[in-house]
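The next block holds one structure in the form of structure tokens; read it before the comments.
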Amino acid sequence: MELYPILIEALQGIWQLTKIIILVVLPLMVLIEFANEANFFQKIAGAGEGVLKKFSLSKASTFPLLVGLFLGFNFGAGILIQLSRDGSIDKRELKLVCVFLSLCHAIVEDNIIFILIGANWAWLFLGRFALGLIGLYIFSRLIKV
Amino acid sequence: MIENKFTGIFRRGFSKGALVVWELLIIIVPVYFVMAFLKHTPLIPAIANACAPYMKFLGLRGEAALPLFIGFFVSIYAAVGAIAPLGLTGKEVTIMGMMITTAHVLIIETAILKKMGVGAWRIMFLRLFVAIGMGFIMNFLIR
């Protein structure tokens with residue numbers, strides 16, 4: 001096992017990956033900051049309400065769903081814990097949102113990193129989101145209480 | 001003034017971005033490094049041969065088993081660090097991406113679910129089941 005060429009190969013690979021991570025993540029975070037300023041996420045929340053009714057979820061779920069979808073599981077869960085303690089959502093709704101978020105969270109952040117190493121974006125974004133919706137629908141029928 | 005607000009947003013986004021890049025790299029780089037060396041030792045081929053018959057159903061090669069488990073039990077970024085040096089095809093990376101994003105960091109996330117009392121174990125098995133099922137399905141659907 002020749003150490004030197006392996007080292008060079010590893011360093012080159014790391015450099016390529018680092019370059020692409022920086023070139024994608026930095027502009028993306030700036031974009032998200034602009035979106036925050038423009039209250040973009042609040043505006044989508046309004047549009048989401050109609051969809052939520054189809055899955056028998058209340059308006060209170062909008063925020064944790066969005067947070068979990070875009071920011072990540074831990075943050076979405078944190079909000080859910082708070083809401084369930086306040087009594088804003090019941091046990092059933094909590095379960096449903098958890099099923100959705102477990103299957104489909106951080107849809108931008110998690111997937112981007114795989115896309116950067118060569119995965120197909122359509123499958124990851126649309127496929128995962130569809131999985132989340134399917135799971136949500138099935139469980140909204142299965143869980144009555 | 002508008003210019004100040006603009007640069008303020010830009011600066012905030014940039015500094016948040018820098019933090020995220022740092023958090024990603026601090027995990028990916030060491031794992032990548034370790035995998036890049038390990039792949040030249042007999043360890044990886046041994047794991048690969050052992051897992052290859054099962055991985056075939058998912059359209060993956062044997063070596064992909066290790067990053068897969070890393071994704072399930074450690075973290076997404078560690079898994080990416082382990083996948084990157086292997087030189088997998090686009091189809092393989094897509095399948096792994098789907099499987100790992102569906103079922104990752106299972107231990108921590110299941111612990112959080114447990115705290116919420118929503119049937120954490122069932123959700124964990126659901127995710128594993130869906131992940132493996134999707135691997136199988138995608139193996140057929142993607143050329």
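The values are calculated or read from the model by the stated rules, or taken from the named source; none is laboratory data. From a predicted model like this one, the values you see are computed outputs, not experimental measurements. Note that we place each Cβ from the backbone using ideal geometry, even for glycine, and neighbour counts take in every protein chain shown. Surface accessibility is based on the protein's heavy atoms, side chains included, excluding ligands, DNA and RNA. Shrake-Rupley method; radii C 1.70, N 1.55, O 1.52, S 1.80 Å.
Buried between B and A is an accessible area of approximately 4600 Å², summed over both sides with a 1.4 Å probe. Counting only other chain Cβ atoms within 10 Å of each residue's Cβ, the peptide B:127-134 averages 2. Taking 4 °C and 1.567 mPa s as conditions, the protein assembly as shown diffuses translationally at an estimated 64 µm²/s according to Stokes-Einstein applied to its Kirkwood radius (Cα pairs).
Each residue, A:K91 and A:V108, gets one label point 7 Å from its Cα in the Cβ direction; the gap between the two is 3.6 nm. With contributions of -39500 (n - 2.57) from each DSSP H run of at least four residues, the per-residue ellipticity at 222 nm computed over chain B stands at -26000 deg cm²/dmol. If one takes the longest principal axis of the Cα atoms in chain B, at what angle in degrees, from 0 to 90 and to the nearest 10, does the Cα axis of helix B:43-55 lie? Here the helix axis deviates by roughly 80 degrees. Relative protection proxy for A:62-74, B:97-109, from highest mean packing down: B:97-109, A:62-74 (other beta-carbon atoms within 10 angstrom). Placing a label point 7 Å from the Cα of B:L141 along the Cα-to-Cβ direction, the residues of segment A:123-143 whose backbone N falls under 17 Å of that point are A:123-138. Taking Cα atoms only, the orientation of helix A:128-142 departs from the longest principal axis of chain A by about 30 degrees.
Summarising the label geometry, the points placed 7 Å from Cα in the beta-carbon direction at B:I26 and A:F34 lie 2.9 nm from one another.
Top mean-square fluctuation among B:R61, B:R12, B:R127, Gaussian network model of chain B, C-alpha springs under 10 Å? Comparing B:R61, B:R12, B:R127 in the GNM, the peak value goes to B:R12. Note on A:N74 and B:F129: their simple-model spin labels are 2.9 nm apart, each label 7 Å out from Cα toward Cβ. Can you give me the angle between helix B:90-102 and the longest principal axis of chain B, using Cα atoms only, in degrees from 0 to 90, rounded to the nearest 10? On a 0 to 90 degree scale, this one is about 70.
Using a Förster distance of 41 angstrom, determine the FRET efficiency expected from the C-beta separation of B:T41 and B:K16, and round it to 0.05. Between B:T41 and B:K16 the formula returns 0.60. Note on surface exposure: A:E49, A:E33 rank A:E49, A:E33 by accessible area, highest first, 1.4 Å probe.
To the nearest Å, what is the center-to-center distance of segment B:72-143 and segment A:11-82, using C-alpha atoms only? Value for the Cα centre distance between the two parts: 19 Å.
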